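Engineer: Sending over a structure as structure tokens; questions will come in a sec.
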Amino acid sequence: MATLEVRDLTFAYNNTRNILENINLTVNDGELVCLLGVSGGGKTTLFNIIAGLLKPQQGRVLIDGEDITGQTGRVSYMLQKDMLLPYRTVEDNIALPLLIKGMNKKEARKIVRGNTERFGIAGREKKYPAQLSGGMRQRAALLRTYLFSADVALLDEPFSALDTITKSAMHRWYLDVMENIKMSTVFITHDVDEAILLSDRILLLGGRPATLTDEIVIDEPKPRSSDFVLTDRFLQYKRRIISKIQAPEA
Amino acid sequence: MSARLRSTISKAAFPVAALVLLFAAWQLICTVGNIPKYMLPSPADVFAAFKADWRLMLSHAKVTLLETFIGLFFGILIGFLMAVVMDRFSVIRKMIYPLVVISQTIPTVAIAPLLVIWMGYQMLPKIVLIILVVFFPITISLLEGFSSVDADTVNLMRSMGASRMQIFRYVKLPNSLGQFFSSLKISVSYAVVSAVVSEWIGGTEGLGCYMTRVRKSFSSDKMFAVIILISVLSLILIWLTTVLQHACMPWEKVNSEQKR
Ligand SMILES: Nc1ncnc2c1ncn2[C@@H]1O[C@H](COP(=O)(O)OP(=O)(O)OP(=O)(O)O)[C@@H](O)[C@H]1O
Ligand SMILES: [Mg+2]
């Protein structure tokens, strides 16, 4: 676990117009923060900067106070697509971050197999990603992300490609698994319900260039049951968020 | 009988039938037309020639195959190294790539005699010719495979702190295997033909030399027999390449079955 901070961050691709301006955010130990914003707003760009894949024109990224701006290999990053390599078995996909860290194959597989049960993909270790359902692929990608490092995780729309039923099953599963794994997590989504159900805090990203416009604390005990979405309190949160989301000029 | 075996057999039935018909027609033309053997030997003549001379043919085939394997080995090695270097340094790619393409417009038949003049009548000029023929498709296909990797997959690897070598090993190399094997299948048959062509020009051993000798003695039946032998050898090599491909890419079968 660790604290992630982003300070005064401004970014533009190739010195064109700014995509992100003056972003400040803090994710505390074990907290799950949701980043909610319109399509094309710059959410993935922000993740790429935190992951060290892009360098900001201004500002810094800190983990536990240490400046990691522009450094790769410091946070777990799950990209928008599941990104399982089609030519590796499920277990060898999940083992990838461990192999990259220099662990030998046998040891890495052993660690993977010690975790597949908990992530609900036991028995599928030897299959190829194409043989898995969307939900299972997402679980495998999450386990890979988790095995890289349990400190800070960036999840870019991990469930958005799933159908509604699979998605809500995944939410239940995710709340369950995360109860025991307290990662500091930033989670991107378009889905307001998902954001309220899963997160401790929701940050709204809006405008052009994008800034963080609002913060909504979801002050509900965890673990949350999936019935939470049917309560009045849930609807109050939802109303507040929707009133604050700036619709893009259609 | 498994479904797979049955479908293979039914697929093979058509070309086999066509081949049988072709041979029958050929035999008929020779027998009925009373065509002299040195002009067009009948299938029966060709078979008899092979039966009479197969030991000698196979001992020549051994030499040709040896040249082919050595040439393929170094051709693949050089093609691989060139692709890696050109992928890593774009300056080198820009410098060499056009030259490599231009070099391919030079007909191999034209340089084979030069190679013999420079390197003598032994195996070396034959192997060099095969290398020259083979490395190009290998380089191009690997380069294509290396550079067609998904940018986000590379980003994922980088986010995990992967080094250039690790990205190469875990992403670029497996990504290029499909294209590599497609071009290898073409390369192996080119390699056999190149070995034979360079043996025509100089040397004392190999199927090409055997061809030159039987041509000089107007033994068309033996000529046909050795041509058929050469194409059978090529087919076997292509088949071996396919077997190797399946062994190297076990996911291919699974993924293609999944797509259906
Ligand atoms: N490599 C790039 N070069 C130039 N512009 C880019 C690049 N990647 C993204 N952009 C632009 O930056 C803006 C933000 O894109 P980004 O992918 O960060 O949005 P997003 O919020 O993740 O959207 P979505 O919800 O659709 O995933 C978009 O206008 C996009 O066109
Ligand atoms: Mg995005």
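Engineer: Given axes a ≥ b ≥ c from the Cα gyration tensor, I'd like to know whether the protein assembly as shown is rounded (a/c under 1.5), prolate (a/b larger than b/c) or oblate.
Structural biologist: prolate
Engineer: Something else: Please check the stretch A:125-139 for residues whose accessible area, probe 1.4 Å, is lower by 20 Å² or more when all protein chains are in place than in their chain alone.
Structural biologist: So the qualifying set is A:128, A:130, A:131.
Engineer: What percent antiparallel are the DSSP beta bridges of chain A, to the nearest 5? Please report the intermediate quantities before stating the final value.
Structural biologist: Numbers: 19 of 38 bridges.
Among the beta bridges of chain A, antiparallel pairing accounts for roughly 50 percent.
Engineer: Taking only DSSP H segments of four or more residues, each worth -39500 (n - 2.57), what value at 222 nm results for chain B once the sum is divided by all its residues, to the nearest 500 deg cm²/dmol?
Structural biologist: Values: 11 runs with 218 residues, N = 260.
Taken over chain B, the calculation gives -29000 deg cm²/dmol.
Engineer: A follow-up question, please. In a Gaussian network model over chain B where Cα atoms closer than 10 Å are linked, find which of B:141, B:219, B:189 has the largest mean-square fluctuation.
Structural biologist: Among B:141, B:219, B:189, the largest GNM mean-square fluctuation belongs to B:219.
Engineer: Report, as an integer, the average count of C-beta atoms from other chains found within 10 Å of each Cβ along B:147-159. Could the numbers behind the result be given before it?
Structural biologist: Values: counts 0, 0, 0, 3, 0, 5, 5, 1, 8, 14, 6, 7, 18.
Per residue, the number of nearby Cβ atoms from other chains is 5 on average.
Engineer: What is chain A by shape, rounded, prolate or oblate, if you read a ≥ b ≥ c off the alpha carbon gyration tensor as root eigenvalues and call it rounded for a/c under 1.5, prolate for a/b larger than b/c, and oblate otherwise? Mind showing how you got there, number by number?
Structural biologist: Details: a/c = 1.77, a/b = 1.24, b/c = 1.43.
Oblate shape, in that a/c is at least 1.5 and b/c is the bigger or equal ratio.
Engineer: Follow-up question, since we're still on this one. Taking Cα atoms, how many degrees apart are the long axis of helix B:220-248 and the longest axis of chain B, rounded to 10 and kept between 0 and 90?
Structural biologist: Taking Cα atoms only, the helix is inclined about 20 degrees.
Engineer: Moving on. As a test of the definition: which semi-axes, in Å, follow for chain B when you take the square root of five times each eigenvalue of its alpha carbon gyration tensor? Largest first, please. If you can, show how the numbers build up before the last one.
Structural biologist: Working: eigenvalues 334, 144, 36 Å².
Each semi-axis is √(5λ); the values are 41, 27, 14 Å.
Engineer: So if I take the centroid of the Cα atoms in the stretch B:228-254 and the same for the stretch A:177-221, what is the distance between those two points in Å?
Structural biologist: 53 Å
Engineer: Please return the longest stretch of chain A lacking exposed loop sites, where trypsin sites (Lys or Arg not before Pro) count only if DSSP places them in a loop and at most 13 other Cβ atoms lie within 10 Å. Show your work: numbers first, answer last.
Structural biologist: Working: sites that count: A:17, A:126, A:182.
Within chain A, the longest run free of exposed trypsin sites (Lys or Arg not before Pro) spans A:18-125.
Engineer: Once you've got the GNM for chain B with C-alpha springs shorter than 10 Å, pick whichever of B:241, B:31, B:108 has the biggest mean-square fluctuation.
Structural biologist: So, out of B:241, B:31, B:108, the one fluctuating most is B:31.
Engineer: In deg cm²/dmol and to the nearest 500, what is the mean residue ellipticity at 222 nm of chain A if only DSSP H runs of at least 4 residues count, each as -39500 (n - 2.57), divided by the residue total?
Structural biologist: Details: 8 runs with 82 residues, N = 250.
Calculated at 222 nm, the ellipticity per residue is -9500 deg cm²/dmol.
Engineer: Here's a follow-up. State which entries of B:11/B:51; B:62/B:185; A:106/B:185; A:110/B:185; A:105/B:253; B:126/B:185 exceed 27 angstrom in Cα-Cα distance in the structure shown. Don't jump to the answer; show the numbers that get you there.
Structural biologist: Numbers: B:11/B:51 30 Å; B:62/B:185 20 Å; A:106/B:185 34 Å; A:110/B:185 38 Å; A:105/B:253 24 Å; B:126/B:185 20 Å.
Violating the 27 Å Cα-Cα cut-off are B:11/B:51; A:106/B:185; A:110/B:185.
Engineer: Separate question: Give me the distance between the Cα centres of the stretch A:53-110 and the stretch B:51-104, rounded to whole Å.
Structural biologist: 38 Å
Engineer: A follow-up question, please. Rounded, prolate or oblate, given the Cα gyration tensor of the stretch A:98-156, with a/c below 1.5 counting as rounded?
Structural biologist: Details: a/c = 1.78, a/b = 1.16, b/c = 1.54.
Oblate.
Engineer: Would you be so kind as to identify which of B:118, B:84, A:78 lies farthest towards the positive end of the dipole of the protein assembly as shown, taking Lys and Arg as +1 and Asp and Glu as -1 on Cβ and the Cα centre as origin?
Structural biologist: Selected residue: B:118.
Engineer: Out of the stretch B:134-235, which chymotrypsin sites (Phe, Trp or Tyr not before Pro) are coil in DSSP terms and have no more than 12 other C-beta atoms within 10 Å? Working shown, then result.
Structural biologist: Numbers: sites: B:135, B:146, B:168, B:170, B:180, B:181, B:190, B:200, B:210, B:218, B:224; in loops: B:218.
Sites meeting the loop and neighbour criteria: B:218.
Engineer: For the stretch A:86-148, what is the accessible area per residue in Å², given a 1.4 Å probe and the full set of protein chains?
Structural biologist: Numbers: 2620 Å² over 63 residues.
Per residue, the stretch A:86-148 has an accessible area of 42 Å².
Engineer: Label residue B:44 and residue A:245 with points 7 Å out from Cα along Cα→Cβ: what is the distance between them in nm?
Structural biologist: So the two model labels end up 8.6 nm from each other.
Engineer: So how far apart, in nm, are the two label points at residue B:92 and residue B:12 if each is 7 Å from Cα heading toward Cβ?
Structural biologist: According to this spin-label approximation, the distance is 4.5 nm.
Engineer: Here is a further query. Please go through the stretch B:1-38 and write out the chymotrypsin sites (Phe, Trp or Tyr not before Pro) that DSSP classes as loop and that have at most 14 other C-beta atoms within 10 Å.
Structural biologist: B:38
Engineer: Step through the table entries B:37/B:216; A:81/A:126; A:101/B:172; A:55/B:94; A:43/A:167, compare each Cα-Cα distance with 23 Å, and write down the pairs that go over it.
Structural biologist: On the way: B:37/B:216 15 Å; A:81/A:126 21 Å; A:101/B:172 19 Å; A:55/B:94 28 Å; A:43/A:167 21 Å.
Table pairs above 23 Å Cα-Cα are A:55/B:94.
Engineer: Please build a GNM for chain A, connecting alpha carbons under 10 Å apart, and tell me which residue among A:229, A:27, A:90 fluctuates the most.
Structural biologist: In the Gaussian network model the winner is A:229.
Engineer: Report for the protein assembly as shown the percent antiparallel among DSSP-assigned beta bridges with both residues inside it, nearest 5. Intermediate values should be presented prior to the final figure.
Structural biologist: Values: 19 of 38 bridges.
If I count the DSSP bridges inside the protein assembly as shown, around 50 percent turn out antiparallel.
The values are calculated or read from the model by the stated rules, or taken from the named source; none is laboratory data. For clarity, every value in this text was computed on a predicted model and none was experimentally measured. Reconstructed Cβ throughout: ideal geometry from the backbone, glycine too, with neighbour counts over all protein chains shown. Please note that ligands, DNA and RNA were not included when accessible areas were found on the heavy atoms of the full protein model with its side chains. Shrake-Rupley method; radii C 1.70, N 1.55, O 1.52, S 1.80 Å.
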